[in-house]
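Presented below is the structure to which this report refers.
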Amino acid sequence: KEWRKKRWRAELIARTEINTAANQGAEIGAKATGLELNKMWVTALDGRERPSHRFADGQVRPMNGTFLVGNTPMSKPGAAGAPAEEVCNCRCAVAYISPRLSLN
């Protein structure tokens, strides 16, 4: 059943890389607007999320700021250099919002 392990690993990598690319694209798009924006960590709260990602949900930071995810500062979900336990299979997203809408 070695093929099952390989398939599982391939799917994990694909899911992780797709989410990382989507969040990177969102950042590029937000910066391209030229607007002053804040960013917000958005977690898929469905009972399968990591406790550290549940805690990060709703955190709002300046565009160049960092979120605190567990004990790790991260610029966005899937951030390069973040530990695997915070990145692999992550389903979180970053949203960009007007500073006037930021509540925290």
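The values are calculated or read from the model by the stated rules, or taken from the named source; none is laboratory data. Everything numeric in this text was worked out from a predicted model, so none of it was measured. Counting neighbours? That spans all protein chains shown, and the Cβs are built from the backbone with ideal geometry, glycine included. Just the protein is used for accessible areas: all its heavy atoms, side chains included, with ligands, DNA and RNA removed. Shrake-Rupley method; radii C 1.70, N 1.55, O 1.52, S 1.80 Å.
Tabulated data
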quantity	calculated
Residues being touching a strand residue (DSSP E or B) at 6+ places or on another chain (Cβ under 8 Å), of a type in the set (A, V, I, L, M) and open to solvent by 80 Å² or more (accessible area, probe 1.4 Å) - total across the stretch 21-56	0
Lone qualifier among I18, I13 - being of a type in the set (V, I, T) and open to solvent by less than 100 Å² (accessible area, probe 1.4 Å)	I13
Condition check for M40: touching a Lys or Arg at 6+ places or on another chain (Cβ under 7 Å) and either touching a residue at least 60 places away in the same chain (Cβ under 8 Å) or farther than 22 Å from I13 by Cα (or both)	no
Close pairs from the stretch 68-87: first within 15 Å of A26 (Cα to Cα) and among the hydroxyl-bearing types (S, T, Y), partner assigned to a strand (DSSP E or B) and modelled with pLDDT of 95 or more, Cβ under 9 Å, at least 6 apart	S75/K39; S75/R61; S75/F67; S75/V94
Condition met for N89 (at pLDDT below 95, open to solvent by 30 Å² or more (accessible area, probe 1.4 Å), of a type outside the set (D, E, K, R) and in contact with a Ser or Thr (Cβ under 8 Å, 6 or more places away or on another chain))	yes
Subset of the stretch 67-103 [in a loop (DSSP other than H, G, I, E, B) and either within 10 Å of M40 (Cα to Cα) or within 10 Å of the chain's Cα centre (by Cα) (or both)]	S75, K76, P77, G78, A79, C90, R91, C92, S102
